[in-house]
Every structure is written in C-alpha cells, then in structure tokens.
1. Could you check residue 33 against (1) surrounded by fewer than 19 Cβ atoms within 10 Å (Cβ to Cβ); (2) in contact with a helix residue (DSSP H, G or I) (Cβ under 7 Å, 6 or more places away or on another chain) and say which number it fails?
2. Go through 26, 52 for me and flag whichever is outside the structural domain of residue 106 (by TED's automatic domain parsing), in a helix (DSSP H, G or I), surrounded by fewer than 15 Cβ atoms within 10 Å (Cβ to Cβ) and within 16 Å of the ligand (Cβ to nearest atom).
3. Scanning segment 1-17 for residues that are surrounded by 13 or more Cβ atoms within 10 Å (Cβ to Cβ) and over 23 Å from the mean Cα position of the chain (by Cα), which turns out nearest to the ligand (Cβ to nearest atom)?
4. Residues that are touching a helix residue (DSSP H, G or I) at 6+ places or on another chain (Cβ under 9 Å) and closer than 23 Å to residue 50 by Cβ: find the strands (runs of 3 or more DSSP E) completely inside segment 70-125 holding 3 or more of those.
5. Take the conditions in contact (Cβ under 8 Å) with a residue 12 or more places away in the chain and in contact with a strand residue (DSSP E or B) (Cβ under 9 Å, 6 or more places away or on another chain) and apply them to residue 80. Does it pass?
Ligand SMILES: [Zn+2]
C-alpha cells in the first residue's frame with residue numbers, strides 16, 4: 001500500500017488515503033478518490049455511501065428474490081433500481097403473463113423487492 005492525497009469529490013476536502021501499489025496512474029487516482037469519498041465524513045459523502053449501500057443491497061435482493069425463476073423481471077429491476085432510489089420512479093410493478101407479480105419500490109429508508117404468486121416473498125433494506 002502507498003499513501004496518497006486525494007480530494008473528496010463531494011466537499012473538496014483533501015484527505016490522505018492508502019492505495020495498493022503498482023496500479024496504473026488512472027486507476028490509482030480513481031481508487032484514491034473513491035477512498036477519499038468513502039472515508040470523508042461530510043454530509044454529501046454520507047449520502048453517497050448510503051446510496052451505495054442501499055443499491056448494493058437492492059441488487060442482492062433482486063437476485064435472491066427473482067433471478068432463478070424470473071430472470072426478465074430481475075433484469076428490468078436491476079436497470080430501474082437507481083431510478084427508484086432517486087425517487088424518479090416510486091414503484092415499478094411487473095405483472096407476468098403467468099400471473100405472478102413482482103414489485104420494486106422505494107421505502108422510507110431503502111428499496112424493497114417482492115414477488116407474489118400465492119406466497120409473497122419480500123426483502124427490504
Ligand atoms: Zn467530503
């Protein structure tokens with residue numbers, strides 16, 4: 001690891017961060033900025049961290065609830081999850097020809113993924 005300084009992209013604060021040795025300069029800069037953002041305690045950085053966490057959990061929930069039996073719904077929800085997080089789409093419902101219903105929606109703190117046929121399966125953040 002080596003020590004670098006990088007600017008938090010949200011608040012501009014200069015932070016000292018550790019990055020792995022031997023990276024390409026571009027990758028190194030990217031890693032340093034990502035690390036600066038991840039460790040900065042500004043409010044804008046915090047919001048970005050929350051978004052990252054919620055989206056990666058939503059990604060996992062979409063895969064867990066839908067991928068094996070409803071791959072088309074999984075693909076659509078993966079594409080839509082950022083829009084749902086940002087509130088541009090509040091809720092997305094897919095009604096399958098087979099009668100199942102998949103739903104992706106914004107909740108107070110995160111995103112919920114559900115699939116309902118006769119028994120509802122729901123995971124939310
Ligand atoms: Zn910051």
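The values are calculated or read from the model by the stated rules, or taken from the named source; none is laboratory data. Not measured: the values here are computed from a predicted model. Positions of Cβ are generated from backbone atoms using ideal geometry, with glycine treated the same way; all protein chains shown enter the neighbour counts.
1. (2)
2. Details: 26 fails: within 16 Å of the ligand (Cβ to nearest atom).
None of the others qualify; the one that does is 52.
3. Filtering segment 1-17 down to residues surrounded by 13 or more Cβ atoms within 10 Å (Cβ to Cβ) leaves 4, 6-11, 13, 15, 17.
If we keep only those that are over 23 Å from the mean Cα position of the chain (by Cα) too, we end up with 4, 6, 13, 15, 17.
On the way: 4: 16, 6: 11, 13: 5, 15: 8, 17: 12 Å.
Applying the filter and picking the extreme gives 13.
4. Fully inside segment 70-125 and qualifying: 101-106, 111-116, 120-124.
5. On the way: in contact (Cβ under 8 Å) with a residue 12 or more places away in the chain: yes; in contact with a strand residue (DSSP E or B) (Cβ under 9 Å, 6 or more places away or on another chain): yes.
Criteria met by residue 80.
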